[in-house]
Each structure stands twice: as C-alpha cells, then as structure tokens.
Amino acid sequence: MSRIRDPDEPKIYFLPNLMTACNLACGFFAVLMILKGQIEVQKVSGDAVLAAKQYYEVSREYYQYAILLIFGSCLFDLLDGRLARLGGQESPFGQEFDSLADIISFGMAPAMLLSRAVLFPLGNIGWGIALIYLVCGAMRLARFNCLAFLPKKPGASSDFRGIPIPMAAGFIASLTFLIIDLYENDHEVGVWKYVIAAVLLFLSWLMISDVRYPSFKTVDWKTKGSLTTIILALIVIFATIHFRYIMPVVLFSAYLVYGFVRPWISQRWRKGIEDFSDSDETDDPPTKEAESP
C-alpha cells in the first residue's frame, strides 16, 4: 500500500541536496582538522624546546587540510544551486538546508581557522574578531533568506546584497593558505595577524552591507561562450594549479574588488563580464551608472 504524501511536507530533491550535504560534510571535517591539529600540538607540548620547533610544523598540515576542505565546500555550494536551477528543482527546503550548511562551512570553519592559525597571538581579541565574522555571516544568510521569500518583482535584479559568505570564506581561506606557505617554519606570522584581523572585520561589514555583487546565476551548463573565453578559462585553471598558493587569493580578491568598481563599469562591459557571453566589444570608456535596485 503506497504512502499518501502530506501536501505540507517539503520537497527534497536528491542531487541538489546531496551537493549541499557534501558542502556540510566538508565544513564538518574542516572543523575536525582544526581541532585535531590542536590535539596533535598538545602531544608535543611536554618538551618546551621540541614544542617550539614542532608546533607550527604539526598544526600547519592540519590547517592546510582544513583550508582545502573549505575550498571543497565552495565547489559543492556552487554545484547545488546550479543543479537545482538546471532541473527546475529549487525549493524552500533546499534553500534552508543550504543556509544551515553554509553557516558551518563558511562561518564556523573559517572563524576557527583564523582564530587558531593567525589570530592566536591576539588572545581574546582574536576570538572576538572571529566571533564578529561568524555573527555577521549568520546575519547575511538570514537576510538573504528573508529577501528570497519576498514576491519577485518584474525585472528585479538577481544581484547579491553584500558579498556572499562563500566568497568571504574563500578569500579568508586563500589568504591563510598563502600565509601558511610564506611562514612554513615560523610560528610567529608577524604583521599578518593585524592585517588578517582588519580584513576579517572588513569582510564582516561587507557581508551585511548594501554593496552589490553579481550572482552569476545566468551562467549554467547551457551557457554559450567564445573560443577566447574558453582559452582564458584554461589559462586561469592552469595558473591556479601551478601557482596554487597565490592564484586563489587573486581570484577571490578580484571578485571582492569587483563589487566596488562595478558601478563605474558600462552596462555593456558589465554584461560581458557577468554573462560570459559573446557581447559586442566597445571602445567607449567606462561610465558611472546607478546601482541595480
């Protein structure tokens, strides 16, 4: 006898929510790697001299694992939305599940990573700054969900208000990835702890700001591009693999800065950048335009 489905029961689509579950799993294991790094450090802390030599060497490996897992969360977060829109399977359940996963993968995990890998010399101030980032990230997700439930107006923009939390987390992870490589055998990260603290506070504000960022929702599996676009994409992928410690910072920084320069870019140039389409080239200089509503 078949079970009668409750009409109020939310629809749960397999592939998009599987990607979200993978996103959450990456965030969960990233947190575990950070904690495991601390446990391993405590094992060598009995000998002060040995601990001073091995502290960063031991924890560095686990921090790198955590960073790679955060990058993995970014990838799965990108895939779940694309799969849902491709199959016309967007649902309130998927949206809520995605936000809950994001607060772990892009909120808790980066906050713990920075508080332990870079901000630890600042003591409680470092913990406080990481907490501010986490709270602002949660507020960013809550605001996004509230706006998503509002009726869609004809011609309404799909832009994000404030930088998306996956991009903020990706920028944090990529910058930490670079710093760990630069200070491979040095536990003291110098002035970087102050730079990271300032960056974290800036990203916290940026997530809850009204600065507009493109969602790139029009770019999916059916998007057509030119040969030039494909070649440029291959160059970027090759450069990212070859310069794996530098390129992630460059790519995430480019997206962060783009939100500020976007109002001064002409509509035609903006469409070419955000749609990856074969838009006509123009020699007109960029002009300042009003933000999308």
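The values are calculated or read from the model by the stated rules, or taken from the named source; none is laboratory data. In this text, all values refer to a predicted model and were calculated from it rather than measured experimentally. Positions of Cβ are backbone-derived with ideal geometry, glycine not excepted, and every protein chain shown enters the neighbour counts.
See the values below:
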read-out	value
Residues of the range 10-57 satisfying the condition of being at pLDDT 70 or above and of a type in the set (D, E, K, R)	K11, K36, E40
Those residues of the range 132-173 which are buried (at least 20 other Cβ atoms within 10 Å of the Cβ) and of a type in the set (S, T, Y), in sequence order	Y133
Test: residue in the range 126-139 that is hydrophobic (A, V, I, L, M, F, W, C) and over 30 Å from R60 (Cβ atoms)	yes
Selection status of G81, of a type in the set (G, A, S), crowded, with 19+ Cβ neighbours inside 10 Å and at pLDDT 95 or above	no
Close pairs (7 angstrom Cβ cut-off, 6 or more residues apart or separate chains): among the aromatic types (F, W, Y) in the range 234-253, not in a loop (DSSP other than H, G, I, E, B) anywhere	Y245/F177; Y245/L178; Y245/D181; F252/M167; F252/G170; F252/F171; F252/S174
Considering residues of the range 112-133 that are small (G, A, S) and within 23 Å of L182 (Cα to Cα) only, the residue farthest from the chain's Cα centre (by Cα)	G123
Residue satisfying condition, being modelled with pLDDT under 95 and closer than 30 Å to T240 by Cα, within set E90, E61	E61
Residues of the range 104-131 classified as surrounded by 15 or more Cβ atoms within 10 Å (Cβ to Cβ), more than 18 Å from G81 (Cβ to Cβ) and β-branched (V, I, T), total	2
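Table: residues versus (1) within 29 Å of A66 (Cβ to Cβ); (2) at pLDDT 90 or above; (3) more than 13 Å from the chain's Cα centre (by Cα).
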site: V135; (1), (2), (3): yes, yes, yes
site: M139; (1), (2), (3): yes, yes, yes
site: C146; (1), (2), (3): no, no, yes
site: G162; (1), (2), (3): yes, yes, no
site: I165; (1), (2), (3): yes, yes, no
site: A168; (1), (2), (3): yes, yes, no
site: S174; (1), (2), (3): yes, yes, no
site: I179; (1), (2), (3): yes, no, yes
